[in-house]
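J.: The structure that follows is given in the form of structure tokens.
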Amino acid sequence: MTEVAGLAPELKGAKKGQGEIPVASAGERFTSFDVEAFEVPGGREENWRFTPLKRLHGLHDGTADLNGTATVTVSGAAQVEKVGRDDPRIGEGGTPADRVSAQAWSAFGEATVVTLDGSPEPVTITVEGPGAGAAAAGHLQLRTTTHAEATVVIEHRGSGTLADNLELVLADASRLTVIVTEEWADDAVHVSAQHLSIGRDAVLKLVSVSLGGDLVRISPTVSYRAPGGEVDLAGLGYADAGQHLEQRLLVDHAVPQCKSNVLYKNALQGRAGVTDAHTVWIGDVLIRAAAVNTETFEFNRNLVLTEHARADSVPNLEIETGEIVSAGHASATGRFDDEQLFYLQSRGIPEDAARRLVVRAFFGEILQRIPNTTLPELRERLEAAIEAELAVVGV
């Protein structure tokens with residue numbers, strides 16, 4: 001695989017006209033709850049240059065009719081409330097950083113707030129799309145209480161177009177594991193901003209699995225409210241011919257003694273005569289001057305299985321203080337490892353079967369982060385879904 005590591009953010013830019021627009025520091029990112037505070041993106045902006053705007057069904061320019069409804073169903077031991085945006089808890093996780101997120105904030109009818117007080121039983125939240133041809137805005141917030149430990153699965157299913165905001169607000173010394181799956185129908189479009197707010201000594205483990213949908217764009221933003229916070233972000237994406245899967249994250253280290261670890265893996269398989277399978281991963285990590293004793297690392301790997309597939313990967317690391325424990329970032333994109341295939345074939349395994357084993361091993365590191373003791377059926381289901389993807393073109 002081709003390694004790309006240590007690329008300086010100031011060397012990256014999006015062309016506009018004849019000049020270059022330098023990428024602004026992540027610390028200067030504009031945020032607002034007001035959708036009109038954002039200009040309508042044209043596709044040249046750094047935040048949108050990889051996204052096929054025409055496939056957003058008007059989410060980016062205000063022409064989408066967000067009159068549909070996404071159904072949210074919660075099962076398990078948790079306190080569930082339906083509230084309006086005037087509820088003082090809404091927005092505690094963070095502020096929208098793009099026009100679609102602000103549009104979703106302005107348009108949702110009622111938010112679902114789920115409070116987790118530490119029950120050992122996993123909580124499952126199912127988000128059903130508004131239906132083919134319909135569009136909706138949504139808002140979901142998960143909250144932990146102090147010292148609580150909880151596990152939540154958020155499953156996205158169905159058809160239609162959905163713009164939403166997901167807030168995870170972790171109280172001090174709490175531990176939360178969240179698995180978010182994108183198992184949409186082929187027509188679905190999902191643009192989701194994830195606002196992750198971490199309290200003192202709190203630990204968040206978030207696993208994202210993107211398998212379905214026409215276009216899925218997920219944007220997690222991590223903010224630490226006090227020292228001692230720890231975040232582990234892991235993601236898996238499998239893009240078929242015509243699919244666009246985008247993961248765009250920011251980890252903002254603004255306080256001392258916090259940790260972050262980021263690992264995302266994507267596999268792509270295209271087909272002649274169809275829009276290329278496309279994955280995008282943008283990983284921004286900012287270590288501000290006050291964030292001494294930070295530990296952070298981010299890594300993205302992309303496995304291209306066929307022709308007519310494209311993977312874009314941009315790791316960015318900004319450091320404003322020299323008093324850190326460790327920091328690093330890297331990216332790797334390539335095809336199958338011929339040595340791995342040769343090793344397996346030399347032991348009597350047919351080439352097709354050997355290739356499937358390589359892909360399973362590639363994703364195994366992510367799937368293993370789904371707790372098998374409490375969610376064995378979920379892991380088995382996702383493994384079967386990946387197996388079904390591999391069978392489509394006989395990889």
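The values are calculated or read from the model by the stated rules, or taken from the named source; none is laboratory data. Just so it is clear, the model here is predicted, and its values are computed rather than measured. We place every Cβ from the backbone using ideal geometry, glycine too, and count neighbours over all the protein chains shown. Each accessible area value is taken on the protein alone, full model and side chains, heavy atoms only, with ligands, DNA and RNA left out. Shrake-Rupley method; radii C 1.70, N 1.55, O 1.52, S 1.80 Å.
J.: Checking R356 against (1) modelled with pLDDT of 90 or more; (2) in contact with a Leu (Cβ under 7 Å, 6 or more places away or on another chain); (3) among the charged types (D, E, K, R): exactly one of these is not met. Which one?
T.: Exception for R356: condition (1).
J.: Pairs, please: C-beta under 8 Å, at least 6 apart or cross-chain, first residue at positive phi and in segment 356-379, second crowded, with 18+ Cβ neighbours inside 10 Å and not aliphatic (A, V, I, L, M)?
T.: none
J.: What's the number of the condition L11 fails, among (1) closer than 30 Å to R335 by Cβ; (2) exposed (fewer than 13 other Cβ atoms within 10 Å of the Cβ); (3) at pLDDT 90 or above?
T.: Single failed check for L11: (3).
J.: Right, another one. Among residues belonging to segment 155-187 that are among the aliphatic types (A, V, I, L, M) and touching an Asp or Glu at 6+ places or on another chain (Cβ under 6 Å), point out the one that is surrounded by the most Cβ atoms within 10 Å (Cβ to Cβ).
T.: V169
J.: Go through (1) at positive phi; (2) in a strand (DSSP E or B) and name the single condition G273 misses.
T.: (2)
J.: Looking only at segment 338-348, how many residues end up being free of Cβ contacts under 8 Å to residues at least 12 places away in the same chain and either of a type in the set (S, T, Y) or touching a helix residue (DSSP H, G or I) at 6+ places or on another chain (Cβ under 7 Å) (or both)?
T.: Result for segment 338-348: 3.
The rows are residues; the columns are (1) surrounded by fewer than 19 Cβ atoms within 10 Å (Cβ to Cβ); (2) under 14 Å from the mean Cα position of the chain (by Cα).
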residue	(1), (2)
V189	no, no
H195	no, yes
L206	no, yes
V209	no, yes
V222	no, yes
A254	yes, no
A272	yes, no
A277	no, no
A291	no, no
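J.: Same structure again: Looking only at residues that are open to solvent by less than 50 Å² (accessible area, probe 1.4 Å) and farther than 30 Å from D252 by Cα in segment 75-90, which one is farthest from the chain's Cα centre (by Cα)?
T.: The selected residue is A77.
J.: Here is a check on your reading of the model: is G62 at pLDDT below 95, open to solvent by less than 50 Å² (accessible area, probe 1.4 Å) and part of a helix (DSSP H, G or I)?
T.: So G62 does not fit the description; no.
J.: Within segment 346-381, count every residue that is open to solvent by 40 Å² or more (accessible area, probe 1.4 Å), within 18 Å of V153 (Cβ to Cβ), out of contact with any Ser or Thr (no Cβ under 9 Å at 6 or more places or on another chain) and not charged (D, E, K, R).
T.: Within segment 346-381, residues that are open to solvent by 40 Å² or more (accessible area, probe 1.4 Å), within 18 Å of V153 (Cβ to Cβ), out of contact with any Ser or Thr (no Cβ under 9 Å at 6 or more places or on another chain) and not charged (D, E, K, R) number 4.
J.: If you don't mind, there's one more thing I want to ask. Being under 14 Å from V251 (Cβ atoms) and open to solvent by 10 Å² or more (accessible area, probe 1.4 Å) is the filter here, so list the residues in segment 211-220 that pass it.
T.: S219
J.: Hey, another quick one. Could you pull out the residue among V262, V231, V216 that is within 12 Å of the chain's Cα centre (by Cα), over 30 Å from G58 (Cα atoms), β-branched (V, I, T) and in a strand (DSSP E or B)?
T.: V262
J.: Identify, from the list G19, G93, the residue that is modelled with pLDDT of 95 or more, more than 27 Å from D186 (Cα to Cα) and open to solvent by less than 90 Å² (accessible area, probe 1.4 Å).
T.: Of the residues listed, the single one that is modelled with pLDDT of 95 or more, more than 27 Å from D186 (Cα to Cα) and open to solvent by less than 90 Å² (accessible area, probe 1.4 Å) is G93.
J.: In addition: Looking at L317, L286, L268 in this structure, which one is touching a residue at least 12 places away in the same chain (Cβ under 8 Å), under 20 Å from G237 (Cα atoms), open to solvent by less than 50 Å² (accessible area, probe 1.4 Å) and among the aliphatic types (A, V, I, L, M)?
T.: L268
J.: Right, next: What pairs come out if I take residues in segment 30-51 that are of a type in the set (S, T, N, Q) and pair them with residues that are at pLDDT below 95 and assigned to a loop (DSSP other than H, G, I, E, B) whose C-beta lies under 9 Å away, six or more apart or interchain?
T.: N47/R29; T51/G43
J.: Scan segment 96-124 residue by residue and report those that are aliphatic (A, V, I, L, M), closer than 30 Å to R175 by Cβ and surrounded by fewer than 23 Cβ atoms within 10 Å (Cβ to Cβ).
T.: Of all residues in segment 96-124, those aliphatic (A, V, I, L, M) come to 97, 100, 102, 104, 107, 111, 113-114, 116, 123.
Filter once more, keeping what is closer than 30 Å to R175 by Cβ: 97, 104, 111, 113-114, 116, 123.
Selection gives A97, V113, V114, V123.
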